[in-house]
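These notes are about the structure you will find just below.
Rule-based calculations on the coordinates, nothing more; no lab input. The structure displayed is predicted, hence computed values, not measured ones. Methodologically, a virtual Cβ is constructed for each residue, glycine included, from the backbone with ideal geometry; neighbour enumeration extends over all protein chains shown.
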Amino acid sequence: PFEVLVVGGGPAGAAAAVYTARKGFSTGIAAERFGGQVQDTMGIENFISVPYTEGPKLAAALETHVAEYDIDVMNLQRAEKLIPASDAGGYHEVVFANGASLKARSLILTTGARWRNLGVPGEAEYKNKGVAYCPHCDGPLFKGKRVAVIGGGNSGVEAAIDLANIVGHVTLIEFDTKLRADQVLVDKLASMKNVDIFTSAQTTEVEGDGEKVNALVYKDRNTGEERKIELEGVFVQIGLVPNSEWLKDSGLELTGRGEIVIDDKAATNLPGVFAAGDVTTVPYKQIIIAMGEGSKAALSAFDYLIRNEAP
Ligand code: FAD
């Protein structure tokens with residue numbers, strides 16, 4: 001058994017493991033895919049103090065940093081079940097897809113999230129070639145260009161407002177008959193000059209020249225007519241789904257959207273179980289935030305372990 005088991009090997013998990021190992025605690029990391037979402041990212045320009053890097057390079061750097069310490073890295077391990085300790089200071093158990101299980105007195109859950117995809121032709125093909133999911137990350141790459149934002153909830157409308165200040169033109173596409181964002185955001189967006197808003201519009205295809213995106217096709221749901229918009233970028237904003245399905249029925253408190261509820265010390269409702277990064281209720285999902293949260297969760301785990309002796 002470990003003193004600390006980190007589940008998830010993205011920026012949050014790597015940071016957490018380095019911190020607990022540096023406290024001298026026996027630490028394991030079990031991850032389905034070490035590196036997490038960072039592995040799927042092209043250019044990263046907002047990891048402060050590193051003006052430019054690329055996802056696979058940052059993922060390799062996470063791995064190198066973790067390897068500096070006596071941390072047991074178990075890659076390609078998908079957690080399927082959490083069995084919390086029955087008494088304070090006791091061992092929690094995590095059961096994996098291969099049937100194995102690991103025990104630890106403290107857990108740090110960092111299983112991240114995934115962007116919901118549109119599932120239309122061209123989306124996967126042009127990912128990172130015009131199809132983007134994170135306006136904070138990729139907005140500046142489209143400076144002066146034409147983009148669409150798909151999704152008229154708060155995140156879509158916020159993204160459209162953000163992008164309208166950076167890019168040349170924004171088209172917001174919403175499937176429903178009206179935008180679902182807060183009125184103050186809708187009013188702000190409607191007041192911007194370089195924005196078109198289309199409701200009852202179903203995105204049917206992302207088109208490109210083989211290298212990059214050059215158009216978006218949508219169907220007007222009132223008339224059934226298909227229309228094409230020429231543009232260089234498509235931001236998909238139809239939801240970020242936390243990887244927390246495996247935690248249902250464990251007694252861990254999740255929000256209706258499946259985020260792990262944490263307090264300002266990264267503690268969950270279960271004593272000794274901490275969580276960090278995109279899988280949690282932390283506002284704003286970013287690499288630098290996930291790392292900060294992972295470190296915070298680790299320091300909280302340290303605090304927990306020194307106050308609760310093993311039974
Ligand atoms: P993740 O990176 O999602 O890592 C989760 C880890 O948990 C992975 O190792 C995963 O395999 C593992 N896991 C999941 N489920 C299980 C399970 N059941 N059992 C075991 N392991 C599991 N942010 C920026 O700051 N700048 C950017 O430029 C940027 N660009 C992005 C571009 C793209 C295309 C995407 C998708 C995201 C981007 N982000 C960017 C967001 C950033 O990647 C995330 O905020 C960050 O990776 C979150 O870190 P995390 O450790 O919380 O989770």
Quiz item: For region 168-182 and region 99-148, what is the separation of their Cα centres, given in Å?
Solution: 20 Å
Quiz prompt | Mean separation of Cα contacts under 8 Å (6+ apart) over length of region 82-224, as relative contact order % | solution = 18 percent
Exercise. Quote the relative contact order of region 209-296 in percent (integer), defining contacts as alpha-carbon pairs under 8 Å separated by 6+ residues.
Key: 17 percent
Exercise. With an 8 Å cut-off on Cα pairs and a minimum separation of 6 or more residues, tell me the relative contact order of region 45-147 in percent.
Key: 14 percent
Quiz prompt | Nearest-ten-degree value, helix 55-67 long axis tilted from longest Cα axis of the chain | solution = 10 degrees
Quiz item: Is the chain best put as rounded, prolate or oblate by its Cα gyration tensor, with a ≥ b ≥ c the root eigenvalues, rounded for a/c under 1.5, and otherwise prolate when a/b is larger than b/c, oblate when not?
Solution: prolate
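Highest mean first, how do 81-94, 57-70, 293-306 rank when packing is the count of other Cβ atoms within 10 Å averaged over residues?
Highest mean packing first, the order is 293-306, 81-94, 57-70.
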Practice problem: Obtain the nm distance between the two label points defined at Asp303 and Ala97 by a simple spin-label model: each point lies 7 Å from its Cα along the Cα-to-C-beta direction. | Solution: 3.5 nm
Quiz item: Working out 0.36 nm times the residue gap between Thr204 and Met42, then minus their Cα-Cα distance, what length gain in nm do you get to one decimal?
Solution: 55.8 nm
Quiz item: Label-point separation (nm) for Glu63 and Asp176, each offset 7 Å from Cα along Cα-to-Cβ?
Solution: 4.2 nm
Quiz item: In nm, to one decimal, how far is the modelled label at Thr223 from the one at Asp187, with both set 7 Å along Cα→Cβ?
Solution: 3.2 nm
Self-check item: Computed FRET value (nearest 0.05) for Ser26 with Glu253, which takes r as the C-beta separation and R₀ as 25 Å
Solution: 0.35
Exercise. Under 29 Å between C-alpha atoms is the cut-off here; go through region 1-145 and count lysine pairs that meet it, provided they're at least eight residues apart or on different chains.
Key: 12
Quiz item: Within region 112-212, which GluC sites (Glu not before Pro) sit in a loop by DSSP and count at most 11 neighbouring Cβ atoms inside 10 Å?
Solution: Glu211
Quiz prompt | Difference of contour (0.36 nm per residue) and Cα-Cα distance, Ser49 to Glu80 | solution = 7.5 nm
Quiz item: Cα gyration tensor of region 54-182, axes a ≥ b ≥ c as square roots of the eigenvalues: rounded (a/c below 1.5), prolate (a/b > b/c) or oblate?
Solution: prolate
